[in-house]
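Enquirer: My questions will all concern the structure given below.
Every number in this text was worked out from the coordinates using simple rules, so none of it is lab data. What you are looking at is a predicted structure, and each value in this text was computed from that prediction instead of being measured. Positions of Cβ are backbone-derived with ideal geometry, glycine not excepted, and every protein chain shown enters the neighbour counts.
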């Protein structure tokens, strides 16, 4: 069982603030890292799939970076909006077990208008 | 666009009863997964199937069995339900055969309570 940690557990920001959170994972046996957005009463939706050290992905106001050598990924949200309120999950894919993704417990973001 | 469909959405069982959770996807994906989600914990993989006809254990397989009936369907069975299996269960699918570089698509979940 691999340990994937996300911090902070929860975050409250004002509309317009920029914010970021962290996903930490084992630096050995890295294969892939996924980010998902999970709105209340819905199912998780994929944001990014990252496979290479140094990867940077962007989707609108949301971006992510990946450092596989030190075992972390950052998710950034620029100019947060109330509709960004959700739980953000990361999932670590193990090189020796491609199908076994280990999820962090998520960062719950609340954006106040 | 149905995507991943799970049935039922809610279920209450008594300890010792059995039941099967159904999952079907219409995206022609090869890989399918079953997760459970408990308060304060991330999604934990129960079983997965990299292709039709194959299944493998995930992180927390004890007390569960699965069947990959065909490419579309992947069912999860609780043979003798226990209160510790009270959870929300998610089915997911992804393209490819477990290469890990394809995102997973999730169903809406089944909320299961065992008394």
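Enquirer: Enter the mean number of other protein chain beta carbons within 10 Å of the beta carbon of each residue in B:55-61, as an integer.
Expert: Mean number of neighbouring Cβ atoms from other chains: 2.
Enquirer: Once the piece of chain linking residue A:85 and residue A:52 is laid out straight, how much longer is it, given 0.36 nm per residue of separation minus the C-alpha distance between them?
Expert: 9.1 nm is the gain from fully extending residue A:85 to residue A:52.
Enquirer: Once you keep just the Cα pairs under 8 angstrom separated by 6 or more residues, what percentage relative contact order results for the range A:38-113?
Expert: 23 percent
Enquirer: Got the relative contact order for the range B:1-43 handy, in percent, Cα pairs under 8 Å and 6 or more residues apart?
Expert: With pairs under 8 Å counted, the relative contact order is 40 percent.
Enquirer: Something else: Please report the spacing between the Cα centers of the range B:17-60 and the range A:35-113 in Å, no decimals.
Expert: If you average the Cα positions of each part, the centres end up 21 Å apart.
Enquirer: Could you work out how far apart the two model spin labels at residue A:96 and residue B:18 are, taking each label as a point 7 Å from the Cα in the direction of the beta carbon, and quote it in nm?
Expert: Output for this residue pair reads 3.5 nm.
Enquirer: Given a Förster radius of 41 Å and the C-beta distance between residue A:28 and residue B:7 as r, what FRET efficiency does 1/(1 + (r/R0)^6) yield to the nearest 0.05?
Expert: That gives a FRET efficiency of 0.55.
Enquirer: In a Gaussian network model over chain B where Cα atoms closer than 10 Å are linked, find which of B:42, B:16, B:58 has the largest mean-square fluctuation.
Expert: Sorting by GNM fluctuation, first place goes to B:42.
Enquirer: Label points 7 Å out from Cα along the Cβ direction at residue A:67 and residue A:12: separation in nm?
Expert: For the pair residue A:67/residue A:12, the computed spacing is 3.0 nm.
Enquirer: A further question follows. Return the FRET efficiency for the residue pair residue B:115, residue B:62: r is the Cβ-Cβ distance, R0 is 25 Å, and the value is rounded to the nearest 0.05.
Expert: Approximately 0.80, to the nearest 0.05.
Enquirer: Considering only chain B, what is the antiparallel percent among its DSSP beta bridges, to the nearest 5?
Expert: Expressed as a percentage, antiparallel bridges in chain B total about 90.
Enquirer: Let me check against my output: what whole-number percent is the relative contact order of the range B:66-115, with C-alpha pairs under 8 Å and at least 6 apart?
Expert: Reported as a whole number, the value is 36 percent.
Enquirer: A further question follows. Can you give the Rg to Rh ratio for the range A:42-99, taking only C-alpha atoms and Rh from Kirkwood?
Expert: Ratio value, two decimals: 0.99.
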